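Participant: One structure coming up, written as structure tokens, with questions to follow.
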Amino acid sequence: MSETLLEVNGLSKSFDGVVAVDDVSFSLNSSETLGIVGESGSGKTTLARCVLRAIDPDAGTVRFHGKHGQYDLHNLSERELIPLRQEMQMVFQDPFSSLNPRMTVQEIMEEPLIIHGIGDRASRREAVLDILSRVQLEQDALTRYPHAFSGGQRQRIGIARALVLRPKLVVCDESVSALDVSVQAQIINLLEDLQDELGLTYLFVAHNLSVVHHICDRILVMYHGRVVEEGPVEEVFNNPQQDYTKLLLSAIPSPDPDVPLVPIDRANLNL
Ligand SMILES: Nc1ncnc2c1ncn2[C@@H]1O[C@H](COP(=O)(O)OP(=O)(O)OP(=O)(O)O)[C@@H](O)[C@H]1O
Ligand SMILES: [Mg+2]
């Protein structure tokens, strides 16, 4: 029996009179992956940012079931929020702009631990090395700077930084969208492995429906800030109820979710 990790109720957010998120409710179970799909401007990022309390909504509640109790995130002071921030992390679309170019990978990965006052030098080093190997980067990566890595490797660094605090909830906002298809598959497979190893719960924002079909258990379809359809990913993909969902789905070829995404083997390509 899985337990609830997050309960979102009646969340709304407008910007200068433009409604970005309109009365959205959902819940998320521990170890589940919930996809949020919808066209550009439908409110996905705004919803994700409200959930993590990166911004304050105009209305609604976000209840997080943390290690030490349940909290309504928007009722907490910044100070009360700090320990909960460890349990909720974000992986961004563009690791290049979210990684400080003047910090080594070691510094980037250690920084969240220092900010949260976790461990001493030796134990932080251990935590960094552990996550580094989990995202399949070599130890010599630690002394290099972000510019010395490929896009896929940079996203591994971004994921490592998010996971070094051992969060429960990880919000991925278009985390593979900027990567080429072959690298996308590698990162998706890595996210799935990490979920099993570390018991992660994902809120997975994406406009690529093949990726969503592959990784998500359940999806929410957003249109103009509202949830127009919600359900287990198979049900929604095989039997969409709303015209908008049908329209979204008609734009992609039908992938088979039972077939793992296989990175393109470049050796077999006649390049
Ligand atoms: N900080 C902001 N100030 C003003 N308007 C904003 C702000 N953030 C988002 N919006 C508006 O809110 C609406 C929803 O934007 P949001 O970024 O949440 O959409 P999205 O679904 O994430 O789109 P995309 O797929 O392009 O990332 C849009 O109309 C956007 O212009
Ligand atoms: Mg967005």
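Participant: Restricting attention to the range 57-101, which residues are modelled with pLDDT of 95 or more and basic (K, R)?
Facilitator: R63
Participant: Can you tell which of I115, I55, I36, I108 is under 23 Å from R161 (Cβ atoms), surrounded by fewer than 17 Cβ atoms within 10 Å (Cβ to Cβ) and in contact (Cβ under 8 Å) with a residue 24 or more places away in the chain?
Facilitator: Numbers: I115 fails: in contact (Cβ under 8 Å) with a residue 24 or more places away in the chain; I36 fails: surrounded by fewer than 17 Cβ atoms within 10 Å (Cβ to Cβ); I108 fails: surrounded by fewer than 17 Cβ atoms within 10 Å (Cβ to Cβ).
That would be I55, the only listed residue that is under 23 Å from R161 (Cβ atoms), surrounded by fewer than 17 Cβ atoms within 10 Å (Cβ to Cβ) and in contact (Cβ under 8 Å) with a residue 24 or more places away in the chain.
Participant: Grab the helices (runs of 4 or more DSSP H) fully contained in the range 150-254, keeping just those with 3 or more residues being under 29 Å from S133 (Cβ atoms) and modelled with pLDDT under 95.
Facilitator: Details: elements: 151-163, 181-198, 209-215, 233-238, 243-250.
Where helices (runs of 4 or more DSSP H) fall fully within the range 150-254 and carry at least 3 residues being under 29 Å from S133 (Cβ atoms) and modelled with pLDDT under 95, they are 151-163, 181-198, 209-215.
Participant: Oh, and also: Looking only at helices (runs of 4 or more DSSP H) that fall completely inside the range 1-119, which ones have 3 or more residues that are within 12 Å of ligand 1 (Cβ to nearest atom)? First the steps, then the outcome.
Facilitator: Details: elements: 44-51, 78-85, 95-98, 105-115.
Hits in the range 1-119: 44-51.
Participant: Another question about this same structure. Only one of these is closer than 22 Å to S97 by Cβ, among the hydrophobic types (A, V, I, L, M, F, W, C) and not assigned by TED's automatic domain parsing to the domain that holds G41: A162, A178. Name it. Spell out the reasoning first.
Facilitator: Working: A178 fails: not assigned by TED's automatic domain parsing to the domain that holds G41.
After ruling out the rest, the residue left standing is A162.
Participant: Look through the range 208-236, keep the residues that are of a type outside the set (V, I, T) and within 21 Å of A162 (Cβ to Cβ), and return whichever of them is farthest from ligand 1 (Cβ to nearest atom). First the steps, then the outcome.
Facilitator: Let us first name the residues in the range 208-236 that are of a type outside the set (V, I, T), namely 208-210, 213-214, 216-218, 220, 222-226, 229-232, 234-235.
Filter once more, keeping what is within 21 Å of A162 (Cβ to Cβ): 208, 214, 216-217.
Values: N208: 11, H214: 19, C216: 16, D217: 21 Å.
Filtering the range 208-236 for residues that are of a type outside the set (V, I, T) and within 21 Å of A162 (Cβ to Cβ), the one farthest from ligand 1 (Cβ to nearest atom) comes out as D217.
To keep it simple, each residue is scored yes or no on (1) of a type in the set (A, V, I, L, M, F, W, C); (2) within 22 Å of V91 (Cα to Cα); (3) under 14 Å from the mean Cα position of the chain (by Cα).
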residue	(1), (2), (3)
G158	no, yes, yes
R161	no, yes, yes
D173	no, yes, yes
S182	no, yes, no
V205	yes, yes, yes
L220	yes, yes, no
T245	no, no, no
A251	yes, no, no
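Yes/no per residue for (1) more than 25 Å from V18 (Cα to Cα); (2) in contact with a Lys or Arg (Cβ under 8 Å, 6 or more places away or on another chain); (3) not assigned by TED's automatic domain parsing to the domain that holds Y202:
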{"position": "T45", "(1), (2), (3)": "no, no, no"}
{"position": "C50", "(1), (2), (3)": "no, yes, no"}
{"position": "E78", "(1), (2), (3)": "yes, no, no"}
{"position": "P95", "(1), (2), (3)": "yes, yes, yes"}
{"position": "E107", "(1), (2), (3)": "yes, no, yes"}
{"position": "I115", "(1), (2), (3)": "yes, no, yes"}
{"position": "S123", "(1), (2), (3)": "yes, no, yes"}
{"position": "Q139", "(1), (2), (3)": "yes, no, yes"}
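The values are calculated or read from the model by the stated rules, or taken from the named source; none is laboratory data. Here the structure is a predicted model, which is why all the values come from computation and not from measurement. Here Cβ is always computed from backbone atoms with ideal geometry, including for glycine, and neighbour counts include all displayed protein chains.
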